[in-house]
Each structure stands twice: as structure tokens, then as C-alpha cells.
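Notes follow the structure.
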Amino acid sequence: MLLEWVLKRETHTVAKYLTYEKRRERWVFQMRIPPNVRTEFDGKTTIRRHIGNVSYDDAVARATLWSTELKELFCKIAHTQNASNRTKSATWSVVHFEFNDDIAQRLIATWRTTQARMVTMQIEALRGTSDHAWQELATRFHAHMTEAQDQMRQYDSGVVHAALRRLEREYAFRLSRSTTDLNRWAADFHFARVQFFSDCIKVLRQEMSINELAPRPTLQLPLADLWGTPVEQLTDTWVEHRSTDGIPINLKTLQKYAAIASDLSSVITRRAVESLQQADLIALKRKWALNGNGAGTINGKLQMLKTLLRPYLASDRISVLFDRCRVKAPRKRVARLPFTDSQLRRLIEAVNQSPQTRIADRVLIYMLLLLGTRVEEIYQLTAKDVETVEYGWIIRFADNAQTGQGDSELKNDESARRMPLLRGIFPEMDAWIDSHRSSEYLFPDGSANKYGKRGDAAGKRINGLVRKLFPDDRRLVLQSTRNTAGQVLRRGHVDPRIRQRFLGHADSSLHDKHYDPGALLDSDDFWSGSVAIACHLMRVMGVERLPWVDLHVHYNANIAQDRSDMLKESLWARTKKEAALDMQESEIESPAQLCLEPPPY
């Protein structure tokens, strides 16, 4: 009894999809489309198929098959829509398109892709069924094509509006268009509908591949959800390329590239990177300008953006996009200035007399003045980098790749060098170095920031002090100590090559680079520069000269005297030679002696 009840209930359930038309003597299958998936069926409410004049049992079997297939199709569509809606509501932002000929064609291609996806699902559901089911599908396509032709002749605008609203809702975009634009597009859309259903019939006849129903992805709307590269992938690709080439990735640089990609994403939203237009770059420049970026910063960001886009856009297209987007640079900013003697004296006195200045900051300023180095180079020094010698210390600047230990990093390879640091000029610095020789770092109070820089906080503190001392000239900063060192070395007639390496700069001469590289210069070579700076600081502070300074000055004086004597001897020899030539010229008697006449043969 239970089995019979189940069979009757199943038959009753199927029977509600069956209708018998007495006039035409045929069974008709009819099933309502759930409201939430009707957009995928051009807004239709019912699916109607003719079964034909067959027995009741055959009609029930056919209706059972179709109802099962359609229910699975409805569930699949609903599941896809729910997942899509959740994604859109969470991450999608509305993209705005201006109507033009290109967007008009892309709209049709996107609509056709959506319809091709539905047709593919319907055809896949008929795999393994009878020929009659395939014939029914062909009949429906013929009916759709006839209906599309009628709507095309009647210029039905309702179908056009419905299709456009469905696309805007599904892909979360808005189209700015006028009534004239929409009317012009309607003719192309109606023709595309007729052509699409004609192609569907060709697919069923095996005259066309099912894969040809959908156009190429690049012909659709320029949305990263449909084709192309999302902006979020730009930074990942940049990191991947550098990692593949074995190039280290600086965290600060990575964050700059990520910020640029984020700004670009706010402009083109969900559009593909490949669809970038010059108007997007103009909007991006406007955004940066509103954020307070100057012309130089904007041009620098544009260069970084070009680096991000090179894997995805052709070089000629990048040139066309960016050539007209450069911002006219303002008047070149004056470089930072060196401290004058009075400014240097004022800085040293302020550092020594201010109770708010930390001892570590005072020692840091002393070392910056004597060595002309960068703040981070000093804050990375460890006990192993300080070697005690007779006149003071030899300070080694090297990164972890050169020493094989630690985590220090230099700005460039040329910054690696060994420099003399003289004792006796700043007693507080001498005591600090002696007492911290056993510490891991020479400045143990430094803590690395998110970029791994230990001296960042100290640099900001001392720059604040410099700003208070010299509020009327922003060209004077902590880094002016390097400019001061360079100026003192030049005025002290230190060899130009020593000056370059003293400040950690690369060789500028081809000969020096290949035959006598500056990396071979050691602390003995830098001795003249260190003494020149020490003498200058002692003169500024009014400190008595140290014994080794007098020896150095006497040594330099002897060298200068030797050079002067050599110059005098050279001039005297030249004078004697010219006098001898004059005497020989007066003794010449005839032109033949000068070989002015041709020799006899």
C-alpha cells in the first residue's frame, strides 16, 4: 500500500506539469519559472514544451525527465546568483561607463556571453536524452528567433530596457546614456538577438561549434570580472618578478607600489588594467594633487605606475598614455646647505648645553660631524665594527652580505668602507665608545621601525632640534653634516677621489672603476680627510690642536715644500733648454743647413 501511495503521489506531482489539448490532441509540458531566476530566461514566467500525441505513460516519463532537469537547472542558477550577490555586496563597487560606440558593442558582446552560458547549460542538460527532446529545444529556438524578429520589426524598446537593466544589475555597473543613444543601440541589439538564436539553431544542427556562441572575452565590457587583469594583481606581479630575478624587496618600496596600485583601483574600480585610458591617469593625478603631492612626487608616482603596468600593456601604448600626463615640474628645489662656522658652533653649543638632549643624540651628532656618514650607518654599528688604534678607532661600515652576519643594510655597495675616527676632540664621545664596546650595538637604545631602520627616531629628534635652531632656513637639516664634511674636504685640498669615497659615493672615472676601484681605499687613505675635518671642528670650537694634528700639518707642509722645489727645478730646466735652442738658431748660416733645399740624387 505504501508503494502504491508513493507512486500515485509521484504521478500526481508530475501530472501538474502536463496539460492535454483536446483540439490538437497532444500533451503539453508546462512549468513555472521561479521568480528569482526569471532574469536568466528573458523575464519569462513559464516554460512550455509540446510533447505530442503519445500515451499517458510516455507523457509522464517525458515530463518527469524535463521537470527533473529544469529543477536542477533552477537550483544551479539560484546558487550561482546567491554566491554572486554575496560577493558583489561584499566587494563590488559600481562601475560607471559613458555610452559610446565601443561600449555599445561591448554591451552586446556581454549580453551574448550571458545568453550563451544559459544555452550551454540547457544543451548540457539534454546530453543522453532522446532525439525528441533535442527537437523540442530546436523548436523553442525557432520560436525565440521568430519572436525576436517580430520585436525587431516593431522596434520594441521594452526588451532593450529589460536586457540593459539585467546586465547592469548582474555586473554592478551604471551606463550614462541619453534616449538618443539608447534608440541607436536598440537597432543593433535587436539584430544581435536574431543572430544569436539563429546561431543556436546552427549549433543544434551541428553547423557551428557551441564554443562559438560566446564572443572572445576581450570584446566584452572592460570588467576584470569578465576578462583582463584586476588592479590588485599589479603589486603581486611586481614582487614575483623581483623574486624570480633574485632582487631583494625593500618593504618601504613595496608599500609605495601598493599605495599607487590602491589609488589606481579607486579610479578604475573593477575595470581591467588593460582598459586603462588617459582620462584615468588624469583623474589619478587630480587625486594625488588633492592629497598634497607636488609635481615632482606625482611624476615619480607615474614612473612607478609605468613599472607596474609594463607586464600588461605594450610599450607604445604606455608611451601614448603617459607622455601627455607628465606634470610640469616646478623650479628646481635648492639642495640642502652645509653649516657655516657660526651655525656649526651654535649647533654644537646647543647640543652640549640643552638638558633635553640625550647623551646618545649628542654622541651621534659628534660622529656625524667627524665621519660625514648617514644616521642609519652609525646606528647599525656593532662592537665588531669598532677597532681601537693609536689615534682613536677605525670604524667599519658594512652590511650583512659583506660580513656574513647581523642584519645591517647599507644604502649602496659604495657605502662599505673603513674610516678613521679621531680621539680627543669630543671627550663625551670617547667615553661613550669605550663604555659600549661590550654592547651588541654601539647605540643600544635604537629600536627598529617597521622598515627595519634603527636610527629613524633619533634622526627625527635631532632634525627637530635643528629646525628650532634655524627656523628661517629649511635647507639646513641633519643631513647638512654630510654637506659640511664635503665642503671642508674640498677646502682642505683633499684628493677628489678620497672625498667621494669618504662620503660613500661611487667612482666617477672609468679608470677608477675598472683599474683602481674606490672599494680598495682603506682607513689610511681617509686619514687626510679625517684630519682636515678634525682641524676644522677644533678651530670652530676654539680647541687646542692635538699633537697628531701638528704632525699631520708638518707632514703636509713638507709635501707642499717638496712639490714647490720640484716645480722650481722644472721651470729652471725649461729656461736653460730654451736658452740653448736660441744659441743654436743664431749659428745657422744657410737654408741648406735647415734642409730647405731638396737633397741631390
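For this structure, a couple of remarks:
- Region 22-52 - residue that is of a type in the set (Asp, Glu) and under 60 Å from the mean Cα position of the chain (by Cα) and, of those, modelled with the lowest pLDDT: Asp42
- For region 298-318, the candidate set comprises residues that are free of Cβ contacts under 8 Å to residues at least 24 places away in the same chain and either in contact with a His (Cβ under 9 Å, 6 or more places away or on another chain) or under 23 Å from Asp236 (Cα atoms) (or both); within that set, the residue that is least open to solvent (accessible area, probe 1.4 Å) is Ile318.
- Among residues that are surrounded by fewer than 14 Cβ atoms within 10 Å (Cβ to Cβ) and modelled with pLDDT of 70 or more, Lys8 is not included.
- Some residue of region 325-332 being at pLDDT 90 or above, within 30 Å of Gln479 (Cβ to Cβ) and not in a strand (DSSP E or B): no
- Sole residue being under 30 Å from Val273 (Cβ atoms), outside the structural domain of Arg38 (by the TED database) and not in a helix (DSSP H, G or I), chosen from Ala116, Ala214, Ala109, Ala192: Ala214
- Selection count, region 452-478, where residues are outside any helix (DSSP H, G or I) and open to solvent by 70 Å² or more (accessible area, probe 1.4 Å): 5
- The set of residues in region 197-211 being assigned to a helix (DSSP H, G or I) and farther than 26 Å from Glu274 by Cβ consists of Phe197, Ser198, Asp199, Cys200, Ile201, Lys202, Val203, Leu204, Ile210.
- Meets criteria (over 17 Å from Gly446 (Cβ atoms), assigned by the TED database to the domain that holds Asp430 and in contact (Cβ under 8 Å) with a residue 24 or more places away in the chain) for Arg346: yes
- Any chance Arg140 is open to solvent by less than 40 Å² (accessible area, probe 1.4 Å), of a type in the set (Lys, Arg) and touching a residue at least 24 places away in the same chain (Cβ under 8 Å): no
- Pairs, first open to solvent by 50 Å² or more (accessible area, probe 1.4 Å) in region 201-227, second aromatic (Phe, Trp, Tyr), C-beta under 6 Å, six or more apart: Pro217/Trp227; Thr218/Trp227
- Scanning region 143-167 for residues that are of a type in the set (D, E, K, R) and free of Cβ contacts under 8 Å to residues at least 40 places away in the same chain returns Glu147, Asp150, Arg153, Asp156, Arg165.
- Restricting region 333-349 to residues that are open to solvent by 20 Å² or more (accessible area, probe 1.4 Å) and outside any loop (DSSP other than H, G, I, E, B), the residue that is farthest from Thr481 (Cα to Cα) is Glu349.
- Pick from region 263-281, criterion open to solvent by 10 Å² or more (accessible area, probe 1.4 Å) and within 17 Å of Gln303 (Cβ to Cβ), ranking: farthest from the chain's Cα centre (by Cα): Gln278
The values are calculated or read from the model by the stated rules, or taken from the named source; none is laboratory data. Owing to the predicted nature of the structure, the values given are computational and were not obtained by experimental measurement. Reconstructed Cβ throughout: ideal geometry from the backbone, glycine too, with neighbour counts over all protein chains shown. Surface accessibility is based on the protein's heavy atoms, side chains included, excluding ligands, DNA and RNA. Shrake-Rupley method; radii C 1.70, N 1.55, O 1.52, S 1.80 Å.
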